[in-house]
Each structure stands twice: as C-alpha cells, then as structure tokens.
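Okay, structure first, notes after.
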Amino acid sequence: MPRLARLVLRRLAGSVPVLLIVVVGVFLLLDSAGGDAVDAYLVSIGGGDAALAEELRARYGLDRSVLARLLLTLGQLARGDLGWSVALNRPIGAVIAERLPNTLWLMGSATALAFASGSALGIVAGRRPGSAIDRLLSGGSLMLYSVPSFWLGLVLAVVFAVRLQWLPVSGIETIASGATGLARAADVARHLVLPVAALGTIYLALFLRVMRAGMVEAWGQDYTLAARARGVSSWRVALNHAARNALLPLVTMLGLQAASMIGGSVVIESVFGIPGFGRLAQEAVAGRDAPLLMAVILVSAVMVVAANLAVDLACGWLDPRIGSGRGGRG
Amino acid sequence: MIRELARRPEARVGGALLLLLVAVAALAPALSPGDPLAIAGRPLIPPLTDPALPLGTDRLGRSLLAGLIHGARTSVTIGVVSALVAVAVGMAVGTAAGFAGGLVDEGLMRVVDAFQIVPGFLLALAFVSVAGPSLLVVAVAIALGAWTGPARLSRARVLSLREADFVASARVTGMHPVEIAVRQVMPLALPPVLAVSSVIVAGAILTEAALSFLGLGDPNVVTWGGMIAEGRNQLRSAAWLSIIPGLALVATVVSIYLVGEAVGDVLAGRRRR
C-alpha cells in the first residue's frame, strides 16, 4: 500500500520539527536548574572533594557550555542514543526498554477496558436519552470522572488488598516466585487488576460520556429516523446506525487522551509500586537526573505521536470519507 | 442566566457545593484559626469521637478538619490561578497566531503542537523540580500543560473574525493592528474559551493533588493531595486519613463539572433560540 506508506512517512516527517522543539525546550528548562546530577550523586555517596566533582563533571560533559551540551545531546539523540543516567549509572535506553513493557501493559489494559465498557455503557445510556438508566449512568460517570486516580487506587487497595486480601497490594509480580510461562502471566495479571482499574476508571467515564453524546446527536439525524420508519427495531437502530457513527469521536478521543494517560501512569505506578516507565520520571526528579527526565519526556512525546498516527489511520479505515488528507470533507 | 441555572437541579447542587467550597476557602483563617500544621491533640484520634476535633487527628496529632479547611484554600487558589494563567497565555498566543498569519502562525502552532504531545503532568513535574515547589510555581507548572486548548480555540475564532467588516473598518480608521487584536477581536474570542475554563480549573485541582501526593507540592501549605500521601502510611490502621481528603477532592471537582456543564447547556440553549 504505497499511499498508506506515504501518509505515514509524511506524518512522521511533520512531527520531526515538533519533537525538536520538545527536546530543545525541555533541555533548556532542565538546564536552568541549580545543582546537577553530580551534586545529587555526591550527596548520595556521602560527599566527595572538589577534584572528584570536577572529574565526574568532565566525564559526563557537564563542564561545557550550554550550547555545546545541547548540540552534543542532539547529536546523541540523532544516533538513537538516549544518554547515560547518572542516578542509575546505566545507559538510559536500556533502562527504558526494561521498564516500558510494564507501563504498556498497564496503559494498554486500562485503555482496552475503558474503551470496551465505556462505549457499551454509553450505548445503553444513549439508547433512550433522559430515561432512568441514562440518568443513573450519566450521573455515575460524572462522579467517576471527578475521582483522582491515585486516590481511587488507594481506596481499591484498602478494600481489595488490605481488607479482603483478594489481590496483592503492590508490585508487578510476586518476588522470587520462580513462576514461568502461564503461571507467571497469571501472577502479573493479578498484580495489574487494581492499577488498571484505578487508571482506567476516569477514561471509562469519559468514553461513556462521549459515546452517549454521539448517540444523542445521532438520534436527531435523518438516517435514524428513516431506519425507525422502515420498522427496524430500536436496538438495531441504536447499534447499527447510531452507535456506528458515534464511535468515530471515541476513537479520536483515544489519541487525545494518550498524553494524559502517560501522566496518570506516573502516579498509579507510584501508588502500586510498579517498576514502570512512569515511575522513572519520579525517580529522575528525586535523583536530579536531568538526562533521564529528558529521555522520559521525549519517549513519552514519541509515544503520543505514534498513538495519534495510529488513531488517524484507524479513523481513515472506519470512515472512508476521511481520505488521508485528499478529497473528503476537507 | 442565574434564574435559568437555578431551574436545573444539578446546577443547584453543584452551585451550592461550589459556594460552600469558596466560602470555606475565603474564610479559612476565621473558621480554623492558627496554623493547620501545628499539633492540635493526641495523634490518630478517629473521626467523630472527640467533639473538639470532629474529624480526628493524623499521625502527628494535627487536626484533620483544620487541614481540610486550609486545603480548600490551596485547591481554590491553584484552580483559579492556573486557569487564569492558562487562559491569558493561550488567548495571547492564539490571537497573535491567528492575527499575524503566515510564518508567525506556523511557528506558534508548532510550539502549541510541541506542548500538546508532552504529557502535561510530566511537564509540571519537570518545571516544579527546576523552579522549586511554591504555590505560584505549581500553578504556573500546571498552566504549562493547559494553555494549548485556549490557544487553539481563540486562534480558530480569530481566523473567522479576521476578515469581518468591523475589523476592516477599524483598519481603515488607522487603528494599530495590536489594538485591533486586543480591543476588537479578543473580547469576541473569549466566550468559547470561557466555556472550557471549568474543565481547566477542575483539571488543575486534580493535577495539583497528584503533584502534592508525589511530594512535589508547596511544603509550607496544607494540600489535600499532601494529606492523602501523609495518610498513606497508616492505610492499614487509619484509612480515613487518606479517604476523607480524597472525598473533599471528589466533591470539589464534581461541583465544578456540574456548574460548568449547566452553564454550557444554558448558553447552548440560548444560541439555538
């Protein structure tokens, strides 16, 4: 499919200047901080003399001018090298590669769950706007939408892990359980239940509201009226006519929420002690590790770009009118 | 407008809650005199057991009620200041981009894109870690992730107004372009931006709570997020320490959404007529 490939390439090329703005902006922001990773490192090892500090700064290139370091960083990034974490004393790329799968599982499950149940409940609520079940679901979703995810996580942990002891309180798997294969997967899944629920709830509420709004709008359109007039049952119209068209804004919403979900995973991973990508941001702040924090922000931005590209492709597939920038409504 | 709102039950509930919250925030020093971070009694008194300390005390013997009251002040301040900064910056950038057009527009919108692909929470985290956790820094940090919405909305509005007759006549009378932008066009770009401002206020309050929960809030004031984090150590023995401030957060955010949504509905209904 050369047309599709061209579209993907064009979009990726368009995102390069934007990512460049992100890198330069974040670099300058983090650079303006007083104190650097060498200071934090020296504190952590109980102090050192000026010569050691000098030597460490020279080794990490921290003794050069801002512009020289910015160019050095850009050159590194262009070669795909995310740099060296001073706090963890390891290459950042390896650390992120190790942490990212946990976060992707967390975010992926939360998204899938929120999308599936949010859209289903949105159809139920939007089938008869103003009915008792609609009022219940709409009111409930507004409440859920207002709950801070980290607090929800704590409440879920108190109820299901501390009181009922159904699920583990924290971590991503039982330490040193020695489990492999399916047993290990089941263990990880058990650990993910509460974090996924805490992270996904707010999006479930959001998807429910967007789906319901789309359904309400569809009921005012001629095609639903025509279908009803032809004698099609109301559930069929709801599912095959109204919901189908209401789905598109929901898919768009997936892309719009990608950035906020990465932010949410930072807090949720901290609540549940999951060694993931989001918690790296917090560790970088605690360790004054500017290169690590910058790498986390940059990788997040790339993930958001990728999510939006995927969403655009999905929208083009769902609605042929959105013909990859040519024709259509544009 | 007020009368139309008062007819809606959800607006009445939300409005009453919101008024209560703002009143508590404004009157915090009178309602709960003294330092809310000072020791008020024995540590870990459960709620509803001591009439002098109705909601009990935390691990260090600080009054939970005093914390709630003063925390309301922090949340309201953060919500209002962040939204003001976000709306002001967003409208300035959006109006400039829409009015200038060409390369300026292109450049400014790429900056908006850049801010939109970076998770706002990470940006706030980075900004607070660089500038130090004071209330104003936290408010600005949150605004950094919230100004792009107002910028896009006001740019779109300005683009549609740029060629309007009244702008052309202002040009003909020799008005400076900046004056036209600020005095003629910006006021008309305000309504769509204000319509989303309730979402910005609510989001700012939630983001501040999350930052404080991670220990990146202003350590010199009481915050609900900080109280939740503090109570986390006693989650097994005294879960109420975390649960009560969280309920205050939920009530606050719900009331803002209820009022914001009702106002939006009333405005949309008017436009339709």
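The values are calculated or read from the model by the stated rules, or taken from the named source; none is laboratory data. Keep in mind that what you see is a predicted model, and the values were worked out from it rather than measured. As a convention, Cβ positions derive from the backbone with ideal geometry for all residues, glycine included, and neighbour counts pool all protein chains shown.
Any chance segment A:91-106 includes a residue that's more than 14 Å from chain B (Cβ to nearest Cβ) and aromatic (Phe, Trp, Tyr)? Yes, because at least one residue in segment A:91-106 is more than 14 Å from chain B (Cβ to nearest Cβ) and aromatic (Phe, Trp, Tyr). Looking at A:Glu283, A:Glu269, just one residue is touching a residue at least 12 places away in the same chain (Cβ under 8 Å), closer than 25 Å to B:Gln116 by Cβ, charged (D, E, K, R) and more than 10 Å from chain B (Cβ to nearest Cβ), and that residue is A:Glu269. In the condition set (1) free of Cβ contacts under 8 Å to residues at least 24 places away in the same chain; (2) not in a loop (DSSP other than H, G, I, E, B); (3) not hydroxyl-bearing (Ser, Thr, Tyr), B:Ala204 is compliant with all but (1).
In this entry, A:Gly75 is excluded by the filter for residues that are free of Cβ contacts under 8 Å to residues at least 12 places away in the same chain, more than 23 Å from the chain's Cα centre (by Cα) and within 14 Å of another protein chain (Cβ to nearest Cβ). Taken across segment A:44-53, residues that are among the charged types (D, E, K, R) and out of contact with any helix residue (DSSP H, G or I) (no Cβ under 6 Å at 6 or more places or on another chain) do occur, with at least one present.
Here is a yes/no grid of residues against (1) in contact with a Gly (Cβ under 6 Å, 6 or more places away or on another chain); (2) under 30 Å from A:Trp235 (Cα atoms); (3) assigned to a helix (DSSP H, G or I):
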| position | (1), (2), (3) |
| --- | --- |
| A:Ala110 | yes, yes, yes |
| A:Ser117 | no, yes, yes |
| A:Gly153 | no, no, yes |
| A:Val158 | no, no, yes |
| A:Ile175 | no, no, no |
| A:Gly178 | no, no, no |
| A:Leu182 | no, no, yes |
| A:Asp187 | no, no, yes |
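Screening B:Leu247 with (1) over 24 Å from B:Ala86 (Cα atoms); (2) in contact with a helix residue (DSSP H, G or I) (Cβ under 8 Å, 6 or more places away or on another chain); (3) modelled with pLDDT of 85 or more gives one miss only, at (2).
Scanning segment A:127-151 for residues that are facing chain B (nearest Cβ under 9 Å) and in a helix (DSSP H, G or I) returns A:Gly139, A:Leu142, A:Met143, A:Tyr145, A:Ser149, A:Phe150, A:Trp151. With respect to B:Ser154, is the statement that it is assigned to a helix (DSSP H, G or I), within 14 Å of another protein chain (Cβ to nearest Cβ) and among the polar types (S, T, N, Q) true? So B:Ser154 fails the test.
Count of segment A:29-49 residues, restricted to those that are modelled with pLDDT of 80 or more and either hydrophobic (A, V, I, L, M, F, W, C) or in contact with a strand residue (DSSP E or B) (Cβ under 9 Å, 6 or more places away or on another chain) (or both), is 2. For segment B:215-240, the set of residues classified as crowded, with 17+ Cβ neighbours inside 10 Å, within 11 Å of another protein chain (Cβ to nearest Cβ) and either in a loop (DSSP other than H, G, I, E, B) or touching a strand residue (DSSP E or B) at 6+ places or on another chain (Cβ under 9 Å) (or both) consists of B:Leu216, B:Leu235, B:Ala238, B:Ala239, listed by residue number. Scanning segment A:226-235 for residues that are under 21 Å from A:Val124 (Cβ atoms), surrounded by 12 or more Cβ atoms within 10 Å (Cβ to Cβ) and not polar (S, T, N, Q) returns A:Ala227, A:Arg228, A:Val232.
Within segment A:9-33, residues that are under 18 Å from A:Met303 (Cβ atoms) and more than 11 Å from chain B (Cβ to nearest Cβ) reach partners that are crowded, with 16+ Cβ neighbours inside 10 Å and not basic (Lys, Arg) with beta carbons closer than 7 Å, at six or more positions or on different chains, in the pairs A:Arg11/A:Leu309. Which condition from (1) touching a Phe, Trp or Tyr at 6+ places or on another chain (Cβ under 7 Å); (2) in a helix (DSSP H, G or I); (3) loosely packed, with under 12 Cβ neighbours inside 10 Å is the one that A:Trp166 breaks? Just one mismatch for A:Trp166, condition (2).
Checked against (1) closer than 21 Å to A:Ala120 by Cα; (2) surrounded by fewer than 20 Cβ atoms within 10 Å (Cβ to Cβ); (3) modelled with pLDDT of 85 or more; (4) of a type in the set (Gly, Ala, Ser), A:Ala205 meets all criteria but (2).
Restricted to segment B:28-133, the set of helices (runs of 4 or more DSSP H) holding at least 2 residues that are in contact (Cβ under 8 Å) with a residue 12 or more places away in the chain and surrounded by fewer than 21 Cβ atoms within 10 Å (Cβ to Cβ) comprises B:64-100, B:102-117.
Restricting A:Leu309, A:Leu293 to residues that are surrounded by 18 or more Cβ atoms within 10 Å (Cβ to Cβ) and out of contact with any strand residue (DSSP E or B) (no Cβ under 8 Å at 6 or more places or on another chain) narrows the list to A:Leu293.
From the list A:Pro275, A:Pro320, A:Pro249, exactly one residue is surrounded by fewer than 18 Cβ atoms within 10 Å (Cβ to Cβ), modelled with pLDDT under 90 and closer than 30 Å to B:Ala209 by Cβ. Which is it? Spell out the reasoning first.
Values: A:Pro275 fails: modelled with pLDDT under 90; A:Pro320 fails: closer than 30 Å to B:Ala209 by Cβ.
One residue alone meets the criteria, A:Pro249.
Among the residues of segment A:242-266, which ones are hydroxyl-bearing (Ser, Thr, Tyr) and at the interface with chain B (Cβ under 8 Å from one of its Cβ atoms)?
Taking segment A:242-266 and keeping what is hydroxyl-bearing (Ser, Thr, Tyr), we get A:252, A:260, A:265.
Listed by number, the list holds a single entry, A:Ser260.
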